[in-house]
Structure formats: structure tokens, C-alpha cells
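Please read the structure below before turning to the comments.
The values are calculated or read from the model by the stated rules, or taken from the named source; none is laboratory data. Fair warning: this is a prediction, and the values are worked out from it, not measured in the lab. Positions of Cβ are generated from backbone atoms using ideal geometry, with glycine treated the same way; all protein chains shown enter the neighbour counts.
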Amino acid sequence: MSKKFSWLSSTKGGSGPSSRASPAPAAKAAPITINGVKDSSGKTVEYKSDDDVCPLCRSDRFLNPKLRLLVSTCYHRMCESCIDRLFTLGPAPCPTCKTVIRKMGFMAQTFEDLGVEKEVAIRRRIAKHFNKRLEDFDSLQEYNDYLEEVETIGKSTWP
């Protein structure tokens, strides 16, 4: 076999040529990252995407690289300038669903999917009240029953 086709020969477990071509040398893989702003520990504290667009003013990240979309208590997104414009005089209806919301009710989005954002917020609120541990129960079965009941409560509060 000529040097030109030397990559066809097997170097593992046999001396003859392989019926399969061995893979080309792997280039260094770039770390997979999730879009967003990360804190010093590497935890994503705010989700961002290059495709972000404010649904109200249609400002996008291409025209405004510093665009920051926040999520309302009704889980609709708006840019900071639209929030400032709409809520300068106090509470106002959400332009999307007409629910009355406050400027202070907006928060940074931490997950790509707003459904996940809502579920995590609900779980966080439930965990404040239902926070017993295994040590609080006489048996593992009682603890598991408690966890199932908490999960049922959680599922009844989200769509």
C-alpha cells in the first residue's frame, strides 16, 4: 500500500488493512455553550440569543447589540426601553394578554423556553411551603407519598 493511502490500514488489533476507514484526526472540539450571561461560577443567569427580537418595537440584537429582553409575571417578553416607556406611570396592561402588570414584576429570562421558566418559578414557590426532608418522616414510603403529593400540587398549577 502506498503512503498516499496509509490511513486506510488498521493500527488496532490487526496487521492487515481494515475494511473501514479510520476517522480523520479529531480537531479540538469547542466547548458547547448555551447562549446567555454567566456569573463567575459559570451558571447562566440570563438567557440571550442572537435571534432575540422585542415583540413590541421589533428591535433586534443585530440593530441593538445591547438589547435586553425581560420576562413579565405573565411570561411575555419585552425590551427594557419598551418596559420603561409603558410603565412610567405605574401598573399597566400587558400588550400581549392585557393582564395588569408592574415594572418591578419583570425578571431576567434564564431558560430558552418560557414554559420551563414558568414551571421553575412555580416549583420554587411550592418548595417554600412544602420543604420537608426524609428525616421528617418515619419511613421512606411516607416520604415518597409526600413527594408525590407535592408533585400533584405542582402539576395542578401549570398548564
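Might you let me know whether the stretch 77-96 holds any residue that is surrounded by fewer than 16 Cβ atoms within 10 Å (Cβ to Cβ) and under 23 Å from R124 (Cβ atoms)? So far as the stretch 77-96 goes, no, none of its residues is surrounded by fewer than 16 Cβ atoms within 10 Å (Cβ to Cβ) and under 23 Å from R124 (Cβ atoms).
Of the helices (runs of 4 or more DSSP H) that lie entirely inside the stretch 74-159, those containing 1 or more residues that are more than 30 Å from R58 (Cβ to Cβ) and at pLDDT 90 or above span 140-157. Given the condition in a strand (DSSP E or B), surrounded by 12 or more Cβ atoms within 10 Å (Cβ to Cβ) and of a type in the set (A, V, I, L, M, F, W, C), answer yes or no: does some residue in the stretch 54-63 qualify? No, the stretch 54-63 contains no residue that is in a strand (DSSP E or B), surrounded by 12 or more Cβ atoms within 10 Å (Cβ to Cβ) and of a type in the set (A, V, I, L, M, F, W, C).
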